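**Q** Before anything else, here's the structure in question.
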Amino acid sequence: MRDRRGTRGQTLPVIVFCMFTLIGVAGAAIDVASWYQSKRSLQSAADAAALAAASQIPSGWSSALATGSSQYAKNGRAGDSVTYTANSVASPNDSVVVTATRRAPSYFSRVFGIGPITVTATARATVSSFTTVHSNQDIMPWGVMKNSFVVGQSYSLYTDNSSSNNGALSLPYVNGSNCPVPNGANPYRDEIDGSLNACPVSVGEQLDVKPGDNAGPTRQGIDDRITSWKPLDQIVQISPSGQATVVDSSSKQLVLIPIVEDPDGGTDWLNGSGWVRVVGFAWFVITGPPGYTNNGKTVTGVFVGLEDVATTGDQTGPYKPGTNTSYTISLTQ
């Protein structure tokens, strides 16, 4: 009897100890889950800030830093510590590294003497130039001479001079598995209206210019392509700082134009037949209505930027500032 009473007296402390341990473990699990959530939140904020900062690398480091900081403020928390560092991946200073730290509180873990912990997140975003683009009925058979384009400014995309035609290109089109060079006015017109899709275009590619009278096919192509004209601000919104944000990516007025140079590397359009060299790509919004004057002899467009969204089949390479090359931003760490 004495032995049983003695054993019975020892059971209660063991039960209390086990319950205390279980509660502590359960509480610690809650803290770990809280720390994990804090880490995920911190990583998301760092990712967004890195992408925003990298998008401004072409505008300079001060712009990249300001944009990244502004974006982090929208997603981070007061008290976070954030640093921004220029980094090189494929070309000098083509990336931004964002490192963020945050104090994550502990609750139940204090029972075991574990206080708040510091969580850290690192993100790197890189800007890359497109070397090849695939058309989604949006690459036009026009070429614009390389230039220092300004967002929101209008530029001539095509001018019919009958003999040399500033801007008109004989852009190869998709025909089964082949890419024939257009012969005549119909393929040129159909590439404009989107019934023919241009073949992939690459930086360094040589494209024949299209001389002759193309005013009629130009106007026919635009009339068939754009049946309902929208003002610029319903397609792209341009901020006071000169940043363009596409609000209607499906608009047929939003077109991708090859940026070209003459055979000598200059900006003089050829007087007659010959070829030009592709050096990059840029987005424009065809202005209208009607978007052209004198029965199709002139087409103008507003430059809306070089930043692009990577699509299937597009190829990228090292970022090349100052070459008018369309670029994309992606997380590389």
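**Q** Select from segment 194-210 the residues that are open to solvent by 20 Å² or more (accessible area, probe 1.4 Å) and among the hydrophobic types (A, V, I, L, M, F, W, C) and write down the one among them that is nearest to the chain's Cα centre (by Cα).
**A** The residue in question is Val203.
**Q** If you take the residues of segment 303-333 that are surrounded by fewer than 22 Cβ atoms within 10 Å (Cβ to Cβ) and among the aliphatic types (A, V, I, L, M), which of them is modelled with the lowest pLDDT?
**A** In this case the residue turns out to be Ala310.
**Q** Which residue, of Gly152, Gly212, Gly216, Gly204, is not in a loop (DSSP other than H, G, I, E, B) and not hydroxyl-bearing (Ser, Thr, Tyr)?
**A** On the way: Gly152 fails: not in a loop (DSSP other than H, G, I, E, B); Gly212 fails: not in a loop (DSSP other than H, G, I, E, B); Gly204 fails: not in a loop (DSSP other than H, G, I, E, B).
It is Gly216.
**Q** Here is a further query. Given the criterion closer than 18 Å to Arg277 by Cβ and of a type in the set (Val, Ile, Thr), identify the matching residue among Val144, Val151.
**A** On the way: Val151 fails: closer than 18 Å to Arg277 by Cβ.
Answer to the check: Val144.
The rows are residues; the columns are (1) at pLDDT 95 or above; (2) within 23 Å of the chain's Cα centre (by Cα); (3) more than 19 Å from Tyr158 (Cβ to Cβ); (4) among the basic types (Lys, Arg).
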site: Ile192; (1), (2), (3), (4): yes, no, no, no
site: Gly212; (1), (2), (3), (4): no, no, no, no
site: Ser228; (1), (2), (3), (4): no, no, yes, no
site: Val246; (1), (2), (3), (4): no, yes, yes, no
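**Q** Thr227 fails exactly one of the following numbered conditions: (1) more than 19 Å from Val201 (Cβ to Cβ); (2) assigned to a loop (DSSP other than H, G, I, E, B); (3) in contact (Cβ under 8 Å) with a residue 60 or more places away in the chain. What is the number of that condition?
**A** Only one criterion is unmet by Thr227, namely (3).
**Q** Right, next: Which residues, taken from segment 164-180, are open to solvent by 60 Å² or more (accessible area, probe 1.4 Å) and on the phi > 0 side of the Ramachandran plot?
**A** Answer for segment 164-180, where residues must be open to solvent by 60 Å² or more (accessible area, probe 1.4 Å) and on the phi > 0 side of the Ramachandran plot: just Gly176.
**Q** Another question about this same structure. Ser88 passes all but one of (1) surrounded by 15 or more Cβ atoms within 10 Å (Cβ to Cβ); (2) of a type in the set (Ser, Thr, Tyr); (3) modelled with pLDDT of 90 or more; which number fails?
**A** With respect to (1) surrounded by 15 or more Cβ atoms within 10 Å (Cβ to Cβ); (2) of a type in the set (Ser, Thr, Tyr); (3) modelled with pLDDT of 90 or more, Ser88 is out only on (1).
**Q** From the set of residues in segment 214-224 that are within 32 Å of the chain's Cα centre (by Cα) and closer than 15 Å to Thr300 by Cα, which is surrounded by the fewest Cβ atoms within 10 Å (Cβ to Cβ)?
**A** Across segment 214-224, the extreme among qualifying residues is Asp223.
**Q** Go through segment 231-241 residue by residue and tally those that are in contact with a strand residue (DSSP E or B) (Cβ under 9 Å, 6 or more places away or on another chain) and either open to solvent by less than 20 Å² (accessible area, probe 1.4 Å) or outside any strand (DSSP E or B) (or both).
**A** Total satisfying the criteria: 4.
Rundown of residues vs (1) surrounded by fewer than 17 Cβ atoms within 10 Å (Cβ to Cβ); (2) not in a loop (DSSP other than H, G, I, E, B), yes/no style:
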{"residue": "Ser129", "(1), (2)": "no, yes"}
{"residue": "Gln137", "(1), (2)": "yes, no"}
{"residue": "Ser148", "(1), (2)": "yes, no"}
{"residue": "Tyr158", "(1), (2)": "no, yes"}
{"residue": "Ser162", "(1), (2)": "yes, no"}
{"residue": "Pro182", "(1), (2)": "no, no"}
{"residue": "Pro187", "(1), (2)": "no, yes"}
{"residue": "Asp190", "(1), (2)": "no, yes"}
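The values are calculated or read from the model by the stated rules, or taken from the named source; none is laboratory data. All figures in this text were calculated on a predicted structure; none of them were measured in a lab. Please note: Cβ atoms are built from the backbone with ideal geometry, for glycine as well, and neighbour counts cover all protein chains shown. To get the accessible areas, we keep the full protein, side chains included, count just its heavy atoms, and leave off ligands, DNA and RNA. Shrake-Rupley method; radii C 1.70, N 1.55, O 1.52, S 1.80 Å.
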